[in-house]
Each structure stands twice: as C-alpha cells, then as structure tokens.
1. Of the conditions (1) in contact with a Gly (Cβ under 8 Å, 6 or more places away or on another chain); (2) open to solvent by less than 40 Å² (accessible area, probe 1.4 Å), ALA63 clears all except one; give me its number.
2. In the stretch 105-120, how many residues are among the polar types (S, T, N, Q) and open to solvent by 80 Å² or more (accessible area, probe 1.4 Å)?
3. Suppose we keep only residues that are more than 22 Å from SER65 (Cα to Cα) and of a type in the set (A, V, I, L, M, F, W, C) within the stretch 76-94. Which one would you say is surrounded by the fewest Cβ atoms within 10 Å (Cβ to Cβ)?
4. Take LEU51 and decide whether it is open to solvent by 80 Å² or more (accessible area, probe 1.4 Å) and part of a helix (DSSP H, G or I).
5. If you check SER132 against the conditions, is it at pLDDT below 90 and touching a Lys or Arg at 6+ places or on another chain (Cβ under 9 Å)?
6. Assuming GLY134 fulfils every condition listed in (1) assigned to a strand (DSSP E or B); (2) farther than 30 Å from ILE46 by Cα; (3) not charged (D, E, K, R) apart from one, which condition is it?
7. Take the stretch 66-88 and flag every residue that is part of a loop (DSSP other than H, G, I, E, B) and touching a Gly at 6+ places or on another chain (Cβ under 9 Å).
Amino acid sequence: MNTLLFCVAGWIMVSGLIKSWVIRLRGFLTDSQGSVSVDFIVSIPILLAVLVLTSEYGRVLQARSTLDNAVADATRYLSRVPANEADGSFSPKVVAIAEQLITSRINTRYIAIGSPVLTTNGDFTTVSLAASVGVISPALSVLNVGSPFVQAADGSALKDVEGLVITSSDTVRHFGR
C-alpha cells in the first residue's frame, strides 16, 4: 500500500510539473515582447547583403558603360584615320592614341586592349576594336562568377582579378583614306 501511495503521489507530482512546463511553454509562445528585436537580428544580414550587392552591381554597370563609351570613341577615331597602304594596318602611333582614348577613362591596371582589325565587306571597309577590363570587387567575387581568361597588357591574367571581367567591342565603317 505504501508503494502504491508513493507511485500515485509521484504521478501527481510529475503531472504537476508537466502542467507547469506546458503553461510556461504556452506563455512563451504567446508572448510577443522582444519579437521585433529577433526579427531585426534575423533580417539584418539579408538587408546588408542586398545593400552591398546593389552597390557593387552599380559599380560594375558604371565600369561597363565607361568601357563601352571609351571603346566606341577609340573605334570612331580609328575609322577616320588612314590605314597603311602596304598591309592595311594602322601605324603604331595611331594605335597608341586609340589605346590612350580607352586607358584615360578606365581607372584600373587590369585592362587588355586588342589590336584594331580592318575588314573589307564588299564595297566598304570596317574597323573593329575590343577591350577587356577587370573590375575588382571582393563582394562579387564571393559569388565565384567565372571570368573569361584575358591577358592584360602587363602580362597578368585578368582571370586573377577578384571580381568580374567586362569585355566591350565595337565595329564601325572605316572612312580613312
């Protein structure tokens, strides 16, 4: 009898503990104090990531626009300059001026400028020029976006840039005589 009484008393005590834990848990789940700070702590990393990536994307778009305009101006310059009669190429001085038109606008040492190409298409001749720029962006390099392998003028590979490689090309009709 003593054992039975002891078991019943133990059961009552355990059920009382379970009831108190259920009441506490229910109160904890329905309590809304501090929920705003928890929401804030959870959302801050997401908001910061969006802010940083938006800023870096803006920098890349600006670099792309600057490179497009610089390559277009250099190609336009080459379209007005006469080519060598013998081999149909441009003199080194003319090519250096075209390269200066591009490098004066791009603020990086990671730049590769291709040689201008003259192509005859039936009745007219076109000149093409391409350039690539490495945009250093540690935030975007976290995404591990693969960049094409491009060799810079100083011999370094633009693939080693922590960021993105932007390439721009332009082709216009050649009017040089």
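1. (1)
2. 3
3. Restricting attention to the stretch 76-94, the residues satisfying the condition of being more than 22 Å from SER65 (Cα to Cα) are 80-94.
Still in the running and of a type in the set (A, V, I, L, M, F, W, C): 81, 83, 86, 90, 94.
Numbers: VAL81: 19, ALA83: 19, ALA86: 6, PHE90: 21, VAL94: 18.
Filtering first and then ranking leaves ALA86.
4. So LEU51 passes the test.
5. Answer is no for this residue.
6. (2)
7. Of the stretch 66-88, the ones part of a loop (DSSP other than H, G, I, E, B) are 81-88.
Result: VAL81, PRO82, ALA83.
The values are calculated or read from the model by the stated rules, or taken from the named source; none is laboratory data. Nothing here was measured: the structure is a model prediction, and the numbers come from that model. Backbone-built Cβ (ideal geometry, glycine too); neighbour counts: all protein chains shown. All accessible areas refer to the heavy atoms of the entire protein, side chains included, with ligands and DNA or RNA removed. Shrake-Rupley method; radii C 1.70, N 1.55, O 1.52, S 1.80 Å.
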